[in-house]
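What follows is a set of notes on a single structure, which appears directly below.
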Amino acid sequence: MSQRAAAKLYKVPKTTLRRNLEEEEPERHERGPVPILGEELEEAIVSYIKKMAQLGFPITRKCLQEVGRSLARVASENGNPRAEEITSGKKWLELFLKRHQCISLRTAEHVSNAQASVSENDIREHFEKLERRLTEEGLIHILRQPDRVFNTDETSMSLNPSGQRVLATRGARNVYSRGGSDKESVTLLVTGNAAGALAPTAIVLRRKTLPVALTDLIRAGFYLLNSDKGWQTGKTFLEYLENSFTPFLVEKGIRRPVLLFLDNHRSHLVLDVVSYCERSGIVLLPLLPNATHICWDK
């Protein structure tokens, strides 16, 4: 049957019939089950990944797996029975990437002997990018107000440092010094601004809980935290921002937003930290990896 005859028989405009015949049939995709965490929350995660990459804090596979597990725990506590299925972030990440093909795993540029190879030009280019970003967001004027420009960094301190020279009986075969666990350490988080003012220094201890007697002994200018291994985590960093750094800004009358320069340690990149900083007027700015020893020394 010709197109003209079909159009006349079925009372369909000939142009409509021709257009439908010429167009390819759209590919049909079967819709799978609703994501365990819900479509709205997954879209929020996609936005978080894109934003962190744009800010210079690209999210690693391991970090995103932890995001999935963390959100699953919250969803389970809120009565989502399927959330318990996310026992490993590995499977969830695989399915997440299939559902959101705008996100892909990329290999970050690796620099061998990184600290030795970072040049002054690399640093200048990095800060030029930051300057453009601050200009676009209308925040460039804050750089001229040193009390609103902060840097934070953590360092680990062993509770059982390497042996030192001591006095002992001549001829003794072995000399021992009693100490704690070989692997036990504490983490210090030091935060200060360009005007020279220090926010309270956080001390992260390897403890399940903090004894009241210990917290009562802490001096002003310090803030005690605890984690399973004595390391900085997303949870401890968020607690520090909420209960120490933000109250410090209020106490000192420091106007927000403030700029907070920091490295890309994964404790700084968790979703809860990023969300809190956005709500609280704390603008996270990345430092060039492996270059802090040059940036601040110069």
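The values are calculated or read from the model by the stated rules, or taken from the named source; none is laboratory data. It should be emphasised that the depicted structure is a prediction, and the values quoted were computed from it without experimental measurement. A quick note on method: Cβ atoms are made from the backbone with ideal geometry, for glycine too, and the neighbour counts reach across all protein chains shown.
Tabulated data
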read-out: Unique residue being without any contact (Cβ under 8 Å) to a residue 24 or more places away in the chain and either hydrophobic (A, V, I, L, M, F, W, C) or not assigned by TED's automatic domain parsing to the domain that holds Pro146 (or both) when the list is Ala197, Ala202, Ala220; value: Ala220
read-out: Residue selected from segment 98-116 under the condition surrounded by fewer than 11 Cβ atoms within 10 Å (Cβ to Cβ) and assigned to a helix (DSSP H, G or I), by the criterion modelled with the lowest pLDDT; value: Ala116
read-out: Extreme residue, surrounded by the fewest Cβ atoms within 10 Å (Cβ to Cβ), among residues of segment 45-65 that are hydrophobic (A, V, I, L, M, F, W, C) and within 15 Å of Gln101 (Cα to Cα); value: Val46
read-out: Tally of residues being exposed (fewer than 12 other Cβ atoms within 10 Å of the Cβ) and part of a helix (DSSP H, G or I) across segment 136-146; value: 3
read-out: Candidate set from segment 231-243 (those that are in a helix (DSSP H, G or I) and of a type in the set (Phe, Trp, Tyr)); member that is nearest to Gly192 (Cα to Cα); value: Tyr240
read-out: Qualifying residue in segment 280-287 (condition: part of a loop (DSSP other than H, G, I, E, B) and at negative phi); value: yes
read-out: Residue check for Leu189: under 18 Å from Val149 (Cα atoms), part of a strand (DSSP E or B) and modelled with pLDDT of 95 or more; value: no
read-out: Residues that are of a type in the set (Ser, Thr, Tyr) and more than 14 Å from the chain's Cα centre (by Cα), drawn from segment 229-252; value: Tyr240, Ser244, Thr246
read-out: Residues satisfying the stated conditions in segment 206-221, i.e. modelled with pLDDT of 80 or more and surrounded by fewer than 13 Cβ atoms within 10 Å (Cβ to Cβ); value: Lys208, Thr209, Ala220, Gly221
read-out: Tally, over segment 256-298, of residues that are at pLDDT below 90 and of a type in the set (Gly, Ala, Ser); value: 3
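Yes or no, residue by residue, for (1) within 22 Å of the chain's Cα centre (by Cα); (2) surrounded by fewer than 18 Cβ atoms within 10 Å (Cβ to Cβ); (3) modelled with pLDDT under 80; (4) closer than 12 Å to Leu37 by Cα:
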| residue | (1), (2), (3), (4) |
| --- | --- |
| Val67 | yes, no, yes, yes |
| Glu77 | no, yes, yes, no |
| Glu85 | no, yes, yes, yes |
| Trp92 | yes, no, yes, yes |
| Phe96 | yes, no, no, yes |
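Conditions (1) of a type in the set (A, V, I, L, M); (2) part of a helix (DSSP H, G or I); (3) farther than 18 Å from Leu285 by Cα, marked per residue:
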position: Lys229; (1), (2), (3): no, no, yes
position: Phe245; (1), (2), (3): no, yes, no
position: Arg256; (1), (2), (3): no, no, no
position: Leu260; (1), (2), (3): yes, no, no
